[in-house]
1. Taking interchain pairs and intrachain pairs at least six residues apart, which have beta carbon atoms under 6 angstrom, with the first residue in segment 92-109 and within 11 Å of residue 137 (Cβ to Cβ) and the second open to solvent by 10 Å² or more (accessible area, probe 1.4 Å) and within 14 Å of the ligand (Cβ to nearest atom)?
2. Within segment 96-109, is there a residue that is open to solvent by 30 Å² or more (accessible area, probe 1.4 Å), touching a Leu at 6+ places or on another chain (Cβ under 7 Å) and at pLDDT 95 or above?
3. How many residues does segment 92-134 contain that are within 13 Å of residue 72 (Cα to Cα) and within 14 Å of the ligand (Cβ to nearest atom)?
4. Can you tell me which residues in segment 216-252 are open to solvent by 30 Å² or more (accessible area, probe 1.4 Å) and under 16 Å from residue 44 (Cβ atoms)?
5. For residue 179, indicate whether it is under 25 Å from residue 247 (Cβ atoms) and among the β-branched types (Val, Ile, Thr).
6. Find the residue count for segment 110-163, including only residues that are in contact (Cβ under 8 Å) with a residue 60 or more places away in the chain, out of contact with any strand residue (DSSP E or B) (no Cβ under 7 Å at 6 or more places or on another chain) and assigned to a loop (DSSP other than H, G, I, E, B).
7. Being open to solvent by less than 10 Å² (accessible area, probe 1.4 Å) and either within 16 Å of the ligand (Cβ to nearest atom) or not hydrophobic (A, V, I, L, M, F, W, C) (or both) narrows it down to one of 74, 165, so name that one.
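The values are calculated or read from the model by the stated rules, or taken from the named source; none is laboratory data. Bear in mind the structure is a predicted one, so any value in this text is a computation, not a measurement. Using ideal geometry, Cβ is built from the backbone for each residue, glycine included, and neighbour counts are taken over all protein chains shown. For the accessible areas, the whole protein counts, side chains as well, though only heavy atoms, and no ligand, DNA or RNA atoms are used. Shrake-Rupley method; radii C 1.70, N 1.55, O 1.52, S 1.80 Å.
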Amino acid sequence: MYLLKSIVVISLLALSLAAGAADPVPDYPAEKLSERVWVIHGPTETPNPGNKGFMNNPAFVLTDEGVVIIDTGSSLESGRMVLRQIKKVTDKPVTHVFASHIHGDHWLGNQAVREVYPEAKLYAHPVMIEQARAGQAETWVAMMERLTDGATRGTEAVIPDIALSDGEEIVVGGVTFRTYLSDWAHTKTDAMIEVVEESVLATGDNVLYMRIGRLDDASIRGNIAACDQALELKSKYYVPGHGPSGGADVIEPFCNYLKTLYAKVGELYKEGLSDFEMKDTVVESLSAYRDWSGFSDQVGKHISLAVLEIEQAEFE
Ligand SMILES: [Zn+2]
């Protein structure tokens, strides 16, 4: 009898889980960065059940025509949370959305925008659109669901369908959005977006602050170049992919992390050391970043990646 009851209870639970929507993501306050730009800063963590997958920096820009979002977050519920914060500031519709790159924590919130604003234009790097359509979209939906123990359930990939080109300027309601695309930096799909009149640059994950993230899809040299490009713009404000926004001081540390990593690994590689043998010395040279979220998880992989790139460079 007890067993039968348990089976009934478990079946009902399974049914309600399958049918039920995911829990809402709690409100994170939108912070005003400049006259027309607001940023919702997610926690500098990896997606987990506690944060329900929300851990990036969606930004939105108020224009005379409507609202432009750069990165909508990691899930349907993250996107809905972003829309709730926008509603607190304006009644204008969301008209345009940019995705900074292929990683799902940045754009799976598009679904929330589409369900309320079916006319909104969704932009991304052409290779982002290609990769998403070729299966990365489903991979990311599944990964977010797994990492959050199902908290993002119900999320469907709404893939951007308008391809950006490098240096393109899109004017919306008196505000100019200028794009900086690279072939290979954090990924092969990165689009940095400058809000020209506000002197704001949203870097996507080409720049991180207070968090050392995965570089599994990155070219360290390409990422350094994108970092330098961001710095050369001398924007007044920067919005990194993760971590607090601010001036150039939020950009420089990660650029220096990549440069120190690549230089130190190169030096020790020349001395004939393997990635395993050089690890302690490289970690020592990066001690300034020891307290950044994700450092100890990622630094070993970053050293191996740097060794591969240095070997590769010898054949160029
Ligand atoms: Zn990323």
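1. Between residues of segment 92-109 that are within 11 Å of residue 137 (Cβ to Cβ) and residues that are open to solvent by 10 Å² or more (accessible area, probe 1.4 Å) and within 14 Å of the ligand (Cβ to nearest atom), the close pairs are 102/131; 102/136; 104/140.
2. Narrowing segment 96-109 to residues open to solvent by 30 Å² or more (accessible area, probe 1.4 Å): none.
Looking through segment 96-109, none of the residues is open to solvent by 30 Å² or more (accessible area, probe 1.4 Å), touching a Leu at 6+ places or on another chain (Cβ under 7 Å) and at pLDDT 95 or above.
3. 11
4. 244
5. When the stated conditions are applied, residue 179 passes them.
6. 9
7. After ruling out the rest, the residue left standing is 74.
Residues checked against (1) surrounded by fewer than 22 Cβ atoms within 10 Å (Cβ to Cβ); (2) under 11 Å from the mean Cα position of the chain (by Cα):
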| position | (1), (2) |
| --- | --- |
| 174 | yes, no |
| 179 | yes, no |
| 185 | no, no |
| 189 | no, no |
| 193 | no, no |
| 197 | yes, no |
| 201 | no, no |
| 205 | no, yes |
| 209 | no, no |
